[in-house]
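The values are calculated or read from the model by the stated rules, or taken from the named source; none is laboratory data. In this text, all values refer to a predicted model and were calculated from it rather than measured experimentally. Because the Cβ atoms are built from the backbone with ideal geometry, glycine has one as well, and the counts that use them run over all protein chains shown. Surface areas here come from the heavy atoms of the whole protein model, side chains and all, with no ligands, DNA or RNA. Shrake-Rupley method; radii C 1.70, N 1.55, O 1.52, S 1.80 Å.
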Amino acid sequence: MTGEAKLREQICLLAKSMFDRGLTGGSTGNISARTEDGGLLVSPTGTSFGRLDPGRLSRFDAQGRLIDGDKPTKEMPLHTAFYDTRSTAGAVVHLHSCHSVALSLMPDADEDNFLPPLTPYGIMKLGKVKLLPFFLPGDPAMGEAVRGLAGKRSAVMLANHGPVVAGKDIEAACNAIEELEDTARLAMLTRGMNPRMLTEAEQQALITKFDVEWDV
Ligand SMILES: [Zn+2]
């Protein structure tokens, strides 16, 4: 199998795994990954993560022209905003995952640091997550908001909608967005129970030891 054929299979396998575990339902969510030639593979518009077809993924060349496959997700501007501002981005994933959305609805949600410091991996895999305001689906302003972060964040949360995470490759992006949802779930589970958060010193130690990108 060629590198691209393998990547196509991997995108569909990881998407199906997330769908099967209820991380995004129906035809929600979208996913993209860089190809070796500098192009992109993207989930087509209206498709379900449970049933992506490796042979029909939207294929862009390095100049951003659609050269093969079905019409891409309408959230393309969101994906290209990450690739254009983060040279390390090899993949981008967006989900409509229940607990992260729930946390974004809370009146005291922290815009600059969306996830509370509950576990080490939430910090190590995501850095500081930015909470962006609500946008209509497909609004190019979403992409503009990501560009406004100038590549300083690998993960954002779209309020009342869902998270978007960039990673060095497709597996890293999926692992990170799952960590985001798990941390949001813990936050909702322990809400109002006065949970013990990681202290400032513990957070700082993690950031230093694991060389976490932490936008201050
Ligand atoms: Zn969405």
note = When restricted to R59, R65, R34, the only residue over 21 Å from P137 (Cα atoms), among the basic types (K, R), under 17 Å from the mean Cα position of the chain (by Cα) and more than 16 Å from the ligand (Cβ to nearest atom) is R34
query = Here are some conditions: (1) within 16 Å of the ligand (Cβ to nearest atom); (2) assigned to a helix (DSSP H, G or I); (3) open to solvent by less than 30 Å² (accessible area, probe 1.4 Å). H99 meets all but one. Which one does it not meet?
reply = (3)
Criterion (over 21 Å from T24 (Cα atoms), more than 16 Å from the ligand (Cβ to nearest atom) and acidic (D, E)) met by exactly one of D110, D53 = D110
remark   = Taking the range 117-147 and keeping only residues that are crowded, with 17+ Cβ neighbours inside 10 Å, within 14 Å of the ligand (Cβ to nearest atom) and part of a loop (DSSP other than H, G, I, E, B), one is left with F135
query = When you go through A172, A184, A150 one by one, which is the residue that is among the small types (G, A, S), more than 15 Å from the ligand (Cβ to nearest atom) and crowded, with 23+ Cβ neighbours inside 10 Å?
reply = A184
Within the range 195-216, considering residues that are exposed (fewer than 10 other Cβ atoms within 10 Å of the Cβ) and modelled with pLDDT of 95 or more, the one nearest to L131 (Cα to Cα) = E200
ask   = Checking I177 against (1) of a type outside the set (D, E, K, R); (2) within 23 Å of G25 (Cβ to Cβ); (3) modelled with pLDDT of 95 or more; (4) open to solvent by 80 Å² or more (accessible area, probe 1.4 Å), which test does it fail?
value = (4)
request  = Restrict the check to the range 83-90 and report whether at least one residue is farther than 22 Å from D139 by Cβ and within 16 Å of the ligand (Cβ to nearest atom).
outcome  = no
ask   = So which pairs qualify, if the first residue must be in the range 4-23 and closer than 15 Å to R34 by Cβ and of a type in the set (D, E, K, R), the second must be at pLDDT 95 or above and open to solvent by less than 40 Å² (accessible area, probe 1.4 Å), the Cβ gap must be under 8 Å, and the two must be at least 6 apart or on different chains?
value = E4/T35; E4/L41; R8/L41; R8/P54; R8/L57
